[in-house]
Amino acid sequence: MIALLGTLKSSFKDLLPIVAVIAFFQLLVLQQPIPHMVDILIGSVLVVIGLALFIQGLEMGLFPIGESLATAFAYRGSVGWLLIFAFCLGFSTTIAEPALLAIAAEAAQVASDGGMIEDSAASRKSYANGLRYTVAFSVGLAILVGVIRIIKGWPIQYLIIGGYCLVVITTAFAPKEIIGIAYDSGGVTTSTITVPLVTALGVGLASSIKNRNPMIDGFGLIAFASLTPMIFVMLYGTVLQLWK
């Protein structure tokens with residue numbers, strides 16, 4: 001209970017700058033009263049409570065389980081199962097991302113309105129699901145590569161530079177309608193569900209391997225998770241254009 005109260009206090013402090021910015025521009029720049037004040041206050045309280053519960057849940061559940069699973073796989077020497085677990089973890093957490101659900105549905109609607117796909121519920125659903133599974137597969141592959149990097153001790157900067165070179169090359173050939181969606185897809189994957197578990201996996205694995213520094217080798221998986229969706233979504237758009 002004491003820990004939860006501390007988290008509530010911290011969440012309230014974190015949200016204060018947002019409230020201050022909105023209030024400043026609404027009252028002093030626009031010089032208009034804030035509409036639906038009661039609803040906004042109630043919603044803000046719910047956000048503080050929800051954020052505090054989410055952070056507390058991460059500390060109690062997701063971080064420990066991610067680290068413990070990584071440690072168990074490392075001690076057993078089950079590299080094959082570890083790689084399978086890394087891919088499945090990246091895939092499943094991305095599929096469950098609320099932000100990805102939202103952007104996939106919005107992208108399908110825009111594609112339908114723009115004539116890229118047939119204007120029907122089935123086409124929009126198929127397009128959105130294809131986008132979601134493409135992003136999820138790419139994140140699973142990214143986490144798998146990131147785990148191999150931790151095991152082998154490869155420098156992260158070379159992989160990141162190479163990845164962004166592929167992003168640039170893919171951008172040159174991708175349909176212009178998909179480029180913005182692809183770039184946004186890289187951001188939505190690093191959200192509420194994926195980040196805690198993937199970070200815990202990387203830190204736990206680096207802590208369990210001899211001659212690995214958790215600070216140097218444990219982080220960086222999220223960079224891969226935000227990089228590969230850009231490449232794969234642009235390839236997805238290119239394939240759809242060729243089939244059209």
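According to the square roots a ≥ b ≥ c of the eigenvalues of the Cα gyration tensor, what is the shape class of the range 124-173, taking rounded for a/c under 1.5, prolate for a/b larger than b/c otherwise, and oblate for the remainder?
Working: a/c = 5.75, a/b = 1.56, b/c = 3.67.
It is oblate, given that a/c is not under 1.5 and a/b is not larger than b/c.
At 222 nm, what value in deg cm²/dmol follows for the chain if DSSP H runs of at least 4 each add -39500 (n - 2.57) and the sum is divided by all its residues, to the nearest 500?
On the way: 11 runs with 196 residues, N = 244.
Rounded to the nearest 500, the figure is -27000 deg cm²/dmol.
Give the shape of the range 7-52 as rounded, prolate or oblate, defined through the alpha-carbon gyration tensor: a ≥ b ≥ c are the square roots of its eigenvalues, a/c under 1.5 means rounded, and otherwise the shape is prolate if a/b is larger than b/c and oblate if not. Please list the in-between numbers first.
Numbers: a/c = 4.72, a/b = 1.74, b/c = 2.71.
Since a/c reaches 1.5 but b/c is at least a/b, the shape of the range 7-52 is classed as oblate.
Heads up, I need the accessible area for Ile169: 1.4 angstrom probe, whole protein in place, Å², nearest 10.
Roll a 1.4 Å probe over it and Ile169 shows about 90 Å².
Output the relative contact order of the chain, whole-number percent, from Cα pairs under 8 angstrom with separation of 6+ residues.
Details: 286 pairs, mean separation 60.1, N = 244.
Once divided by the residue count of the chain, the mean separation gives 25 percent.
Excluding same-chain residues fewer than 8 positions from Lys176, which lysines have a Cα within less than 19 Å of its Cα?
Lys244
Out of all Cα-Cα pairs in the range 142-226, roughly what percent, to the nearest whole number, are more than 21 Å apart?
Above the 21 Å cut-off, the range 142-226 has 36 percent of its Cα pairs.
Please work out whether the range 88-207 counts as rounded, prolate or oblate from its C-alpha gyration tensor, where a ≥ b ≥ c are the square roots of the eigenvalues and a/c under 1.5 means rounded, while otherwise a/b larger than b/c means prolate and anything else oblate?
On the way: a/c = 3.10, a/b = 1.67, b/c = 1.86.
Oblate.
Measuring from label point to label point, each 7 Å out along Cα→Cβ, what is the Ser92 to Tyr75 span in nm?
Each label point is offset 7 Å from its Cα along the Cβ direction, giving 2.1 nm.
State the answer as a single residue: which of Ala174, Leu242, Pro196 lies farthest towards the positive end of the charge dipole of the range 130-244, with beta carbon charges of +1 for Lys and Arg and -1 for Asp and Glu, about the Cα centre.
The residue sitting farthest along the positive end of the dipole is Pro196.
Please work out the Cα center distance from the range 139-164 to the range 201-244, rounded to the nearest Å.
Between the Cα centre of the range 139-164 and that of the range 201-244, the gap is 6 Å.
With labels modelled as points extended 7 Å from the Cα through the Cβ direction, what inter-label distance (nm, one decimal) is found for Tyr164 paired with Ala102?
Modelled inter-label distance: 2.7 nm.
The values are calculated or read from the model by the stated rules, or taken from the named source; none is laboratory data. On a predicted model such as this, the values are computed, not experimentally measured, just so you know. Every residue, glycine among them, receives a Cβ derived from its backbone with ideal geometry; neighbour counts consider all protein chains shown. Side chains included, ligands, DNA and RNA excluded: accessible areas come from the protein's heavy atoms. Shrake-Rupley method; radii C 1.70, N 1.55, O 1.52, S 1.80 Å.
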